[in-house]
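Single-structure report; data block below.
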Amino acid sequence: MKPLLGPFFCSLLLTTGTSLQCEVCGAIGKTCSSDKVDCPAGEDTCATYSYAPSPPNINITTFRKLCLTEAGCRNATKDIGKVFENVGLLIKVECNKASEAAPFVFLTLSGLLLMKILL
């Protein structure tokens, strides 16, 4: 039984680190913040959108953070300068792709250490 526990815990650790977490929020103002949430499968990028008021005499800036695919975020950068109804002029899009190597290295080493302890 003991030899089976090591591989089981190692695989459990590897599966827990596969999901990207991003802040998902929207606010009137310069920024928003929230607890990080697990992004749906396939969404590998944390995106941040900033909108300026349109028309400019309305002093309401809008800010959004969300999960997107990398391609979806890149496409959104093409919309900079466009006016969107109810939110305003898109002035900035930031795409932060998840770093995939670091979590897996840490989790793999943790799993190997756990196997060494159990075996």
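The values are calculated or read from the model by the stated rules, or taken from the named source; none is laboratory data. All values reported here derive from a predicted model rather than from experimental measurement. As a convention, Cβ positions derive from the backbone with ideal geometry for all residues, glycine included, and neighbour counts pool all protein chains shown.
Conditions tested, residue by residue: (1) outside any loop (DSSP other than H, G, I, E, B); (2) at pLDDT 95 or above; (3) surrounded by 16 or more Cβ atoms within 10 Å (Cβ to Cβ).
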{"position": "Cys67", "(1), (2), (3)": "yes, yes, yes"}
{"position": "Arg74", "(1), (2), (3)": "yes, yes, no"}
{"position": "Gly81", "(1), (2), (3)": "no, yes, no"}
{"position": "Asn86", "(1), (2), (3)": "no, no, no"}
{"position": "Leu89", "(1), (2), (3)": "yes, no, yes"}
{"position": "Thr108", "(1), (2), (3)": "yes, no, no"}
{"position": "Met115", "(1), (2), (3)": "yes, no, yes"}
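Restricting to region 31-61, and then to whatever is assigned to a loop (DSSP other than H, G, I, E, B) and in contact with a helix residue (DSSP H, G or I) (Cβ under 9 Å, 6 or more places away or on another chain), can you tell me which residue is surrounded by the fewest Cβ atoms within 10 Å (Cβ to Cβ)?
Taking region 31-61 and keeping what is assigned to a loop (DSSP other than H, G, I, E, B), we get 31-35, 39-44, 53-61.
Of the ones still in play, those that are also in contact with a helix residue (DSSP H, G or I) (Cβ under 9 Å, 6 or more places away or on another chain) are 43-44.
Details: Glu43: 20, Asp44: 18.
Within region 31-61, the match that is surrounded by the fewest Cβ atoms within 10 Å (Cβ to Cβ) is Asp44.
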